[in-house]
Every structure is written in structure tokens, then in C-alpha cells.
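S.K.: Okay, here's the structure, questions in a sec.
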């Protein structure tokens, strides 16, 4: 049987793909690569970039191409067969990465290239790739004694599998709970669009009435709009206890033991490398210098935000008591009461905005925004292999030439991981004389269209789409041909959110909203009166939102600074201490947020969640130059593209920022944009 993952396809062969293709393809590519690399090391006495690094990059690109198909499908089209194959193949890939990282011959060859007299004649991107490789060899344990090397490789393999288990538990727990409602009175307050979504969920399960699930298009409207307090409470409790000992189906999906094992093994790996804790390991590849400097940064923000957040919450409590009859404001009331307060103060609701943000209009507006900023245009591809009917494929064009492509997968569905993300399908890379064009996956979980009506987005969802597209532009508009530092590769993790958070700013600009918005029936842009109210409400409870992000960031960093005590109770103690320091919203004893914190236990943000706030400082300050020079100033847009987007990870992020802004970053713009008094 031919295996499409072993063949050279310009785009992924989704329609030819079967789960049984994965393990044989991964095994064959890895075995072939190992043989090629060992042969190359053995016969090369004087390694150079052209004779040594380029062929290795080409062989590893074969694995990247196959793995990108499989890892993407595991997130958007989960099934038992796919999950079983993924678990097996993930172990193979992790072992291969450990083999590469601990290959003494490879390490010596890269050291020899860096020591050559002509090293400085390499391009900036090539030199950076070699320097990053030497750093990563050391972080992979290449200098360790043989026994420690084996122990480190085993830990890395186990950690990869544990992270996947964490994500699977979270997905399974999300999909295992539902609240079946047959009495329409229990849905009072919910907008019609949300009811239609819940009705659609019920139909998918062959039920009458409505089905509340733990998917975000269900949870958010229920907590924000449902007048029935008990419906809010049940939904909230299921949401904040999922994948925990307190949640539904606790016996099957409890992530507690998984978290403790992950933390224990991360610390053991850090100690083998000679670090005090995992936080120090994590920061080796980031802009921030130390865990202490990160904590200082976060606590300085907290000093400014917490007093204002307390005032905002006290105001909400007073309103809930006096206007809503809620004497004891509970966590499941907060979003509901906040929406009611916002409606009263600004005389509008998120729901009023939704008819002005139908998906087709928002996408056209996104494309127009990017065209004005960076000069590229977009066209839909009509015929292509896909994995689901919802998926769209677009070409990115410059002067009529295709420079990149991306898949757009917008809607929530069963078997699809929650949240929103950008991932790499193909990286820009010079292979021989040809440049491989970058291809991105852009994935969201918006409410699906109902019948022949387009999906309508909240303004928050519009900013989510712009956010992920900012990541996509970083990947797609790179001009770097060296794969390890092209696009988002090699970018310091605490700067990788800069382009994504930066692009969100245009969702708030009247000049851009004129073409991002358009009424679903009439096409009329957002009325001036509604726009004014939305802008006035922009910083509503912004300090409360800030301290929530600081809570997550402080918890993550304090947790990964630990050198002992990784039991479930220890994790809870860290979170409780952080909440006592910065949180203003009360927490129920059953709350197990940490059991669903996929960013740090199932993703790449361990000891790095602070990156969102760190990059927010960079993005706000970068945007302030557009505020000074014009939000669609061509020269400013060209500078951002040529300095930040084009260079990828080929130069330090801090240096690129200073080149674009003309100075070091300042926190002032973030505080001003957030409405927090400096």
C-alpha cells in the first residue's frame, strides 16, 4: 500500500490520509534520517553550512511535512484510531529529537562550523541557526554522562506522552458533560443565536430541546446571558471542575496525577541539565533574563492593576445587589452581572454587535486591513484536498504571485480541540534552488452557521481571529530561507505574541471597523452611535481582566520555580497564594482551573505564560507608532513587515523591536490602552 505521507506533496494529502499511514511513515522517515545523518557525520571531516547543515535540514523537513498533517488532524478531527496512532508516533518523534539533540558527532560538527574562519561570512540567519543549534544541543543534554543522557531522553519521551494525555483528558471531559434542557423558560435571557446553537447541539445528539455543553460557543453565552441562576451555576461548576477530581466523570479524566508527574519529571530533567528548576530552563530561549525578573515585571503590573480591579469588583457587587437582587455575588454570576452593568452604563450589549460581524464580512475586512498595512492580497482556492467541509484554503498574493497559503478552520465541532491557534503546515525553506512557500493552519472554535445564515461573531471573537492571523502573518510573510529561524521559528517565546496582539488593535479603530463590520442583512457598517458605545466600553473592567492574566502568569512561574512538592495539594497551595495576592473575584472551593490549564500542561507555555503580558507591552508600544504616524501609514506598515515579520527568528527579538521603534519598549502604551492609571 502506498503511503501518502512518504510522498512529496505541495499541500497535505488529507483525502488520501488514513490513521494507519502514520506510524509506518514516521518510522521509515526517522530510520532513513538517522542513517543519512550517521553517514554524513562519518564521512565529513571539514563540515560547512552547504555540505552539512543544508542536507540535514532537508531530511528533517521530510519528517516535518508528514508530522504536520498528523499532529494537525489530531487536534481538529480526533478519533480513537487517530489518537492511538498519535500516541505511538509521538513517542517515536520525541525519541528522534532526543537522539538528534544528544548526537555527539552532530554537536562537534556544529561546533566546528561555528569555529571556522569564514563563519562570519554566513548570512545572519545561518549564523543564528548555528548558535541556536549549539544552545539546543546543550539543553538536550549532549554534554551529560551516558547514563544521564539516557535518563534525560527517557524523561523527554515520557513528558511528551504525559502532555498528550493531559490534552486528551481535557477534550474527553469537555465532551462528556452536557445539560439537557426541555423547558424553554430555563433559557430566558439567552439571545436567539445562542438558543439556535444549543438546539443544534441537541439535534446532533438526537435529542429534543436544547443541549448546553462545555464547548465555548455554549459556555460563554450561558454564563453571560442566562437569567436562570441555576443553569449558570451548573454550567459554571462543570466548566471549572472539568478534568479534575471534583468534576463529572472524575474517575476517567482527572488530570491531577498527570500534572504532578509532569512537574516532577520537568524538575528532574532541569536538575540533570544543571538548572535549579524548570523555570530557568524555559527562560534559556526567551527574552526575559531570569524567573525573578519575570516575577518583578508581573508584580509591578499587579501593583498598578490590583487597586483598580478591586474598585471595579466592588462596583459590580454594589450593582448586582441593588439592581439584580444578588446579595451574594458568586463566580457564576460575574459574567452575567458584568454584562448587565455594561448594558446599563453604555446602553449596548455584545449581542447587539453580532449582526454587524457576519463571518464573510469580517474575513473581507481582515484581508483589507492586512492589504493596506502590508501590501498583500488574498484569493480563495476552489479545489483542494480537505479534512472537513468547513475548511477553506486561501492564497496570499504579492504582485500577482503566490507567496504563501493558509487553511482557515473557523467553527467548533465534536472531535476538535477547543480554543484558537495558528500552526505551521509548511515552513519557508530553500530546498536546493527552490524556495518552499510557507503554509499555515488557522483554527478557531466559533459558533457554526445555522441553516443558510452566516455565523455571527462577537467583537471578542473578531479580535481572536485577528490575533491568530497575526501569528499567521509572522509565519507567512517571513523572508528568511533558513528553516530553523524562518517565520515563528527561533523567535523568543515571550516575543512570539507580538504580531498577533499587535494586529488586534485594528479591531478597535473606526477607520478599520468601517470595512470589518457590515450588517448581516443590509451590509450597513457599524452605526456611529453603536461604535461610540463600543469604544467607550473598551476598557470596561480592564483591570479585572488584567489581574486574571496576572494570576495565570504568576501561578505558572511560581509553580515552575519549585524544587520540591509537586503533589496535587502543593499545586493548589501555589494557586491559592497567588489568588490571595492578585485575585479579586471569589473562588469556590471546588474550582480546579489548573486541571484544564492546557497552555502549561498540554502546550508549550510552561514557565512562559507571562509571555502574553510581556508581548502585550511590545505590541502596544509598536502600535503606538502607528497612532503617531497613521494607522494605515504605508511606510510604517512596510517597516513593521520588513523589520518584525520578515526577519522571523534570525535576529534577537529585542533588537528587532528597537530597530522598529527606535528605542527600548515602554509599558506606558499598554497601561494607556488598558485604561489603567500609571
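S.K.: Please rank 304, 344, 286, fewest neighbouring Cβ atoms within 10 Å first, as an exposure proxy. Could the numbers behind the result be given before it?
M.R.: Details: 304 17, 344 10, 286 20.
Going from least to most buried by this count: 344, 304, 286.
S.K.: How far, in degrees from 0 to 90, does helix 22-43 lean away from the longest principal axis of the Cα atoms of the chain, to the nearest 10?
M.R.: Tilt relative to the chain: about 40 degrees.
S.K.: Ok, one more. Among (i) 73, 58, 57; (ii) 96, 69, 53; (iii) 80, 56, 56, which one is Cα extents along the principal axes in Å computed from these coordinates?
M.R.: Computing Cα extents along the principal axes in Å and matching it to (i) 73, 58, 57; (ii) 96, 69, 53; (iii) 80, 56, 56 gives (iii).
S.K.: Can you give the helix-only mean residue ellipticity at 222 nm for the chain, where every DSSP H stretch with n ≥ 4 adds -39500 (n - 2.57) and the sum goes over all residues, rounded to the nearest 500 deg cm²/dmol?
M.R.: -18000 deg cm²/dmol
S.K.: Moving on to the next point. Quick one: grab the alpha carbon gyration tensor of segment 338-389, order the square roots of its eigenvalues as a ≥ b ≥ c, and give me rounded if a/c is under 1.5, else prolate or oblate depending on whether a/b is larger than b/c.
M.R.: Details: a/c = 4.20, a/b = 1.95, b/c = 2.16.
Note, shape of segment 338-389 comes out oblate.
S.K.: Additional query: With angles folded into 0 to 90 degrees, how steeply does helix 104-115 sit against the dominant principal axis of the chain? Use alpha carbons for both and round to 10.
M.R.: Result, in degrees: 90.
S.K.: If you fit an axis through the alpha-carbon atoms of helix 359-374 and take the longest principal axis of the Cα set of the chain, what angle between them do you get, 0 to 90°, nearest 10?
M.R.: The angle comes out at about 50 degrees.
S.K.: Also: Which of the three applies to segment 556-678, rounded, prolate or oblate, going by the alpha-carbon gyration tensor with a ≥ b ≥ c and a/c under 1.5 meaning rounded?
M.R.: Taking the square roots of the gyration eigenvalues as a ≥ b ≥ c, segment 556-678 is prolate.
S.K.: For segment 177-253, what is the convex hull volume of the alpha-carbon atoms per residue, in Å³?
M.R.: Taking only Cα atoms, segment 177-253 has a hull volume of 84 Å³ per residue.
S.K.: Return 188, 427, 340 ranked ascending by Cβ neighbour count within 10 Å, so the fewest neighbours appear first. Intermediate results must be reported in sequence, preceding the final value.
M.R.: Details: 188 11, 427 26, 340 21.
Listing 188, 427, 340 from fewest to most nearby Cβ atoms yields 188, 340, 427.
S.K.: Given all pairs of different Cα atoms, what value in angstroms does the Kirkwood hydrodynamic radius of segment 227-279 take?
M.R.: Numbers: mean 1/r = 0.0750 Å⁻¹.
One over the average 1/r among Cα pairs gives 13.3 Å for segment 227-279.
S.K.: Shape call for segment 469-594 from the C-alpha gyration tensor, a ≥ b ≥ c root eigenvalues: rounded (a/c under 1.5), prolate (a/b greater than b/c) or oblate?
M.R.: Oblate is the answer for segment 469-594, as a/c is 1.5 or above yet b/c matches or exceeds a/b.
S.K.: Let me ask you something else. Label-point separation (nm) for residue 371 and residue 300, each offset 7 Å from Cα along Cα-to-Cβ?
M.R.: 4.2
S.K.: Another question, then. Expressed in nm², what is the orientationally averaged projection area of the convex hull enclosing the Cα positions of segment 1-102?
M.R.: With the hull built on Cα positions only, its mean projection is 7.2 nm².
S.K.: Using Cβ contacts closer than 10 Å as the measure, can you line up 463, 569 from fewest to most?
M.R.: Listed from fewest to most nearby Cβ atoms, that is 569, 463.
No value in this document is a laboratory result; all are computed from the given coordinates. For clarity, every value in this text was computed on a predicted model and none was experimentally measured. So basically every Cβ, Gly included, is an ideal-geometry build from the backbone, and we count neighbours across all protein chains shown.
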